[in-house]
């Protein structure tokens with residue numbers, strides 16, 4: 001898959017995930033979050049923002065777990081998650 005094809009597939013996957021009404025488990029949602037942020041944030045490790053410290057800690061932990069992936073690998077994993085969990 002070329003870089004352009006990957007970017008198109010990633011954008012389409014993001015649109016599907018954003019539009020879904022499916023209620024996903026929190027741990028799955030953290031995977032979506034981590035892969036998306038890692039794929040799109042290119043200035044080191046993304047630091048979660050927000051006022052909920054517990055939620056931010058879970059997000060940061062999810063990001064630490066995938067820190068060794070390349071942005072390309074994160075995009076591929078994000079697409080695979082969408083294909084697995086988003087059926088509409």
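The values are calculated or read from the model by the stated rules, or taken from the named source; none is laboratory data. It should be emphasised that the depicted structure is a prediction, and the values quoted were computed from it without experimental measurement. When we count neighbours, we look across all protein chains shown, and the Cβ atoms used for this are built from the backbone with ideal geometry, even at glycine.
Restricting the range 40-88 to residues that are assigned to a loop (DSSP other than H, G, I, E, B), under 13 Å from the mean Cα position of the chain (by Cα) and surrounded by fewer than 16 Cβ atoms within 10 Å (Cβ to Cβ), the residue that is modelled with the highest pLDDT is 70. Kindly establish whether residue 10 is over 18 Å from residue 69 (Cα atoms), part of a helix (DSSP H, G or I), modelled with pLDDT of 95 or more and in contact with a helix residue (DSSP H, G or I) (Cβ under 8 Å, 6 or more places away or on another chain). Here the answer is no, as residue 10 does not meet what is asked. Counting only residues that are without any contact (Cβ under 8 Å) to a residue 24 or more places away in the chain, exposed (fewer than 15 other Cβ atoms within 10 Å of the Cβ) and either within 21 Å of residue 69 (Cα to Cα) or more than 15 Å from the chain's Cα centre (by Cα) (or both), the range 20-39 holds 2 of them.
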